[in-house]
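Written out below as structure tokens is the structure these notes cover.
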Amino acid sequence: MPSLKRKLTMKSTKKAPKEIATEDPDVVIDHDKSKVECLCPKCGKKHIMNFHWIGRGTPRKYCQSCRDSI
């Protein structure tokens, strides 16, 4: 059972209610993805892509111009 002091501090630190987003409900955000700096294996150019990456080092992904030429 929590002490009186702990109960008082718990009451004073109540969190504010979460705000509800007013954006369009059609927009789906994938929280598993993030912006990752990649290196193109064909031209060696660094670019930023939005995908899920938990590996080590820099991912090797083709840039848009090299992807179009393949």
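The values are calculated or read from the model by the stated rules, or taken from the named source; none is laboratory data. Because the structure is a prediction, the values reported are computed rather than measured. For neighbour counting, all protein chains shown are included, and Cβ atoms are generated from backbone atoms with ideal geometry for every residue, glycine included.
Summed over region 40-68, the residues that are touching a residue at least 24 places away in the same chain (Cβ under 8 Å) and either aromatic (Phe, Trp, Tyr) or out of contact with any strand residue (DSSP E or B) (no Cβ under 8 Å at 6 or more places or on another chain) (or both) give a count of 2. Looking across region 13-43, not a single residue is loosely packed, with under 10 Cβ neighbours inside 10 Å and modelled with pLDDT of 95 or more.
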